[in-house]
Amino acid sequence: MDSEITVLCVGGSGRYAGMVVPELAKRGVRTRAIVRNEDEAKVARSNGATEVVFADLRDPRSLDSATKGVDGVFHIGPVFASDEAQMGLNMVEAARRGGVRKFVFSSVIQPTNTDLANHASKIPVENALFASGMEYTLLHPANLFQNFAGAWKAIVQTGVYAEPNPVDRRLARVDYRDVAEVAAIALTGDRLAYGSFELCSEGMLTRLEIGKLASDLLRKPVEVREIEFAGWARQAKLPYDARELAMLEKIHAHISEHGMPGNSLTLRAILGRPARTVRQYVEELWRGTTAERTASGSRPGV
Ligand SMILES: NC(=O)c1ccc[n+]([C@@H]2O[C@H](COP(=O)([O-])OP(=O)(O)OC[C@H]3O[C@@H](n4cnc5c(N)ncnc54)[C@H](OP(=O)(O)O)[C@@H]3O)[C@@H](O)[C@H]2O)c1
């Protein structure tokens, strides 16, 4: 595939999906970003989108217009939306009706973990793809490095790294820039067709280990602490309603009990290079070189 193709990008202005647009642009692919207002249109264009289309995942007719003349679709479900599954089903159906060939779904690690509603909401979308006749690729990213950007600000200001889970839990993590690269590879060739890929960086650092990295870079002590959920959510000024906060609390409860491990083999094999590491990401934050918008996303997720 090459510049002759057009890919429709859900969330072309979003803090994660927005990283897929430049990866596709780098490969000479035309991108059409779904946006819902002029501000998002501006952001999508600045991300490198060739064109924008005003459409809504809750409005199947708008998705029919959006998929006209499109060869591939990149889809991501908006974090914690109560109808996330239905929005995904709408996108899959519209792509199928529109004769789209490739569909890449940015899902989540452990999508079959039905204890977590935001994981389980990916299952119907994946199932629909299996029966869609399209060439699908399912991406299962681990906890995103970008979640740490908010904690970094607090560490710099207060010297405390506090989260509502034990300091020694092991968590698989991944940089969404690597996920975006995998999405672009999937959309521009056949190597990843019909695959489901767990995407994790190497090492499953505990918060204690990450705190040590931060402390070494900042040359000051960093206290790593467990904090109760409500206080943490208040402090972090999370922009979530009660239902969304309850979903997030469940994720932290799960991590507290089980951690969330994952396997790094697939990501390295797909990229043909080592994945970005937590250490590199923390160093970027320290140097102030990581994109500010990843550090200030309006709706931080897990
Ligand atoms: N955070 C993690 O550690 C992690 C790890 C693995 C997987 N995940 C998964 O990754 C996803 C991240 O979601 P996100 O919201 O943060 O991603 P995002 O990159 O912000 O993309 C979601 C995009 O969809 C847009 N959108 C929302 N409602 C829409 C609608 N009705 N019609 C069209 N577009 C709409 C959003 O626009 P607005 O910004 O205007 O709402 C946003 O641009 C979630 O599914 C989460 O489960 C997260």
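The values are calculated or read from the model by the stated rules, or taken from the named source; none is laboratory data. Computed from a predicted structure; not experimentally measured. Methodologically, a virtual Cβ is constructed for each residue, glycine included, from the backbone with ideal geometry; neighbour enumeration extends over all protein chains shown.
The criterion of at least 3 residues that are surrounded by 13 or more Cβ atoms within 10 Å (Cβ to Cβ) and small (Gly, Ala, Ser) is met by the following helices (runs of 4 or more DSSP H) wholly inside segment 177-262: 207-218, 242-258.
Per-residue answers, yes or no, for (1) buried (at least 24 other Cβ atoms within 10 Å of the Cβ); (2) among the acidic types (Asp, Glu); (3) under 18 Å from ARG101 (Cα atoms); (4) modelled with pLDDT of 95 or more:
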| residue | (1), (2), (3), (4) |
| --- | --- |
| GLU4 | no, yes, yes, no |
| ARG15 | no, no, no, no |
| LEU24 | yes, no, yes, yes |
| ARG36 | no, no, no, yes |
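In segment 199-223, the residues that are more than 29 Å from SER106 (Cα to Cα) and without any contact (Cβ under 8 Å) to a residue 24 or more places away in the chain form no Cβ pair under 7 Å with any partner that is in a helix (DSSP H, G or I) and of a type in the set (S, T, N, Q), whether six or more places apart or across chains.
Condition first: under 30 Å from PRO221 (Cα atoms) and in a loop (DSSP other than H, G, I, E, B). Can you find one or more residues in segment 119-136 that meet it? The answer is no; no qualifying residue exists.
Which of the residues belonging to segment 2-51 are aliphatic (A, V, I, L, M) and over 19 Å from VAL179 (Cα atoms)? Within segment 2-51, ILE5, ILE34, VAL35, ALA41, VAL43 meet the criteria.
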